1. Mind checking whether some residue in the range 59-82 is modelled with pLDDT of 95 or more, over 15 Å from the mean Cα position of the chain (by Cα), among the aliphatic types (A, V, I, L, M) and within 13 Å of the ligand (Cβ to nearest atom)?
2. Sort out which residues of the range 83-98 are within 16 Å of the ligand (Cβ to nearest atom) and open to solvent by 90 Å² or more (accessible area, probe 1.4 Å), and write them in order of number.
3. Looking only at the range 5-56, count every residue that is open to solvent by less than 70 Å² (accessible area, probe 1.4 Å) and acidic (Asp, Glu) and tell me the total.
4. Determine which member of the set 48, 99, 31 is polar (S, T, N, Q) and closer than 15 Å to residue 1 by Cβ.
Amino acid sequence: MKLHKGDEIIITGGKDKGRKGKIERVLTKEQKVLVLGVNLYKRHLKKQNEKNPGGIVDFPRPLPTGRVAIICPKCKKPTRVGWSSVKGEKHRICRKCKQLI
Ligand SMILES: [Zn+2]
């Protein structure tokens with residue numbers, strides 16, 4: 001998986017195109033990431049008890065990784081992730097500035 005929890009990303013497609021956020025959760029199997037506050041959909045909840053009265057809430061849906069680009073913490077530009085092999089271990093690098101990210 002090229003993306004990690006805590007990575008800063010920008011959305012490159014869909015209804016929230018151009019918005020930025022931080023990855024909250026990585027869903028490796030589905031190749032999706034959950035970003036708080038983006039890709040929100042309304043969800044109707046039934047009343048459960050006095051504490052959870054239900055109603056309409058905003059609920060973030062995971063985004064396919066193909067629709068997000070990582071923002072490189074070194075050069076601050078949206079980029080794609082490349083791989084660099086250091087002593088047999090794979091490390092992520094920014095394709096733009098070639099630094100480890
Ligand atoms: Zn960079």
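The values are calculated or read from the model by the stated rules, or taken from the named source; none is laboratory data. Since we're looking at a predicted model, the values are computed, not measured. We place every Cβ from the backbone using ideal geometry, glycine too, and count neighbours over all the protein chains shown. Surface areas here come from the heavy atoms of the whole protein model, side chains and all, with no ligands, DNA or RNA. Shrake-Rupley method; radii C 1.70, N 1.55, O 1.52, S 1.80 Å.
1. no
2. Answer for the range 83-98, where residues must be within 16 Å of the ligand (Cβ to nearest atom) and open to solvent by 90 Å² or more (accessible area, probe 1.4 Å): 83, 95, 96, 98.
3. Residues that pass the stated criteria total 2.
4. 31
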